[in-house]
Each structure stands twice: as C-alpha cells, then as structure tokens.
1. Report, in debye and to the nearest 20, how large the dipole of the stretch 67-143 comes out about its Cα centre when Lys and Arg carry +1 and Asp and Glu carry -1 on their Cβ.
2. In nanometres, what is the gap between the two model label sites at LYS97 and PHE18, each 7 Å from Cα along Cα-to-Cβ?
3. If you line up the Cα atoms of the stretch 47-102 on their principal axes, what length do they span on each, largest first, in Å?
4. Report the normalised scattering of the chain as log10 I(q)/I(0) at q = 0.09, 0.12 Å⁻¹, calculated by the Debye formula with identical scatterers on the alpha carbons.
5. What are the ³J(HN,Hα) couplings of the stretch 118-131, residue after residue, when phi is run through the Karplus curve with 6.51, -1.76, 1.60 and θ = phi - 60°? Round to Hz, x for glycine and proline.
6. Quick one: dipole size for the chain, taken about the Cα centre, charges +1 on Lys/Arg Cβ and -1 on Asp/Glu Cβ, in debye to the nearest 20.
7. How long is the gain from ARG83 to GLU105 if the chain were fully straight, where each residue apart is worth 0.36 nm and the alpha carbon distance is subtracted?
8. Assuming a strict under-25 Å limit between Cα atoms, what lysine pair count do you get for the stretch 1-143 once near-sequence pairs (fewer than 8 apart, same chain) are dropped?
Amino acid sequence: MGQSFPERLKGADKTEEFLRAWVRNVFEGLSVLSEEKARKVLYRPAIGCSKFYLELVGWDLSKMDLEDWIKSWEGLGVKVTSRPGWSCLLYEFRPGKCECPLVDEGILPLTSRLCSTCFTNWLKHQVEAVSGQPVEVELVESLATGADRCVFRIWIGRKSL
C-alpha cells in the first residue's frame, strides 16, 4: 500500500505545517457559526489553554477564592476592578502584543472573534472555579479591536448574557 499520510508528512518534514494549517482551517470554519456556537466549540480548548497557563504560573484554583484570584492577577500587572453593588468585575491588562500562543506563533491571526469566543471561556473557567458560581464573560475591547488594552467584563452569578 505504500506510505501512510502521516508517514508522508513526516518524510517531507511537513507535519508541523499540516498541524498549523489544520488549526487555522478549524478556526476559519468557526467563523460561519454564531458567536454563541463558536464559544461552545471553543470551551474545551480554552479550558485546556487555561490549565496550561495555571500550571506554568503555579496556581491551583482549588486552593483559591475569588479574592486570592484577583490578588494573584494584580500581582502580574492585571487590573481587576470591582465596586460595592456591582454584579461584575472588569479585567484589564495592557500587553505589548497579543498573548495568545496561537497568535504569537503565527498559527491564527489576531481577531476580536478569537478574544470574544476563546479568551472569554478562558476567564470563565477560572472565575467559576474560584467563585463557585456561574459566570459569563464579554469582550469590551482588545488589541484586536484597535484598543491599546484588553478589557473583559466578568458577570458573576449569571448564566447567560
């Protein structure tokens, strides 16, 4: 039968190129879905990404409450704003460039859709874990929208926007 497709990719040193193209094509395919459906599809990948990050910074969400989480982020230069009576937090950071590894590696382009469907899930996962409540997150602005900062509104105790 000859070489298998994976063997041919490896033999041509094209495996990484194939994987990058495959991920890019999946993301392009998500663009035909509604924002809500794209968020659902990206929920698991975003959680996986969040877990990688948490491992790298040495945070264990099971040992943190919301206040600990906020203080930990503030220690890294993220501004988390809350006021008495607010049912939400504002999560703001000013990166010099997009911090998504997929964008940094040139696998995906920087788009507001990536911020609003993937990073929102990334934050949702973390805040639900530390608050014990349902959470919804929305993109306010980001580098992808032309802003010089990334801002997300985090609604705690809310099942849907």
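1. The dipole of the stretch 67-143 has a size of about 140 debye.
2. Label at LYS97, label at PHE18, 2.9 nm between them.
3. Between the extreme Cα coordinates on each principal axis of the stretch 47-102 lie 36, 30, 20 Å.
4. -0.35, -0.58
5. 10, 5, 4, 5, 4, 5, 3, 4, 5, 6, 4, 5, 8, 9
6. So the magnitude is around 340 debye.
7. Taking ARG83 through GLU105 to full extension adds about 4.2 nm, to one decimal.
8. Value for the stretch 1-143: 18.
No lab work stands behind these numbers, since they all come straight from the coordinates. The structure presented is a predicted model; accordingly, all values stated were derived computationally and were not measured. Every residue, glycine as well, gets a Cβ built from its backbone with ideal geometry; the counts of neighbours run over all protein chains shown.
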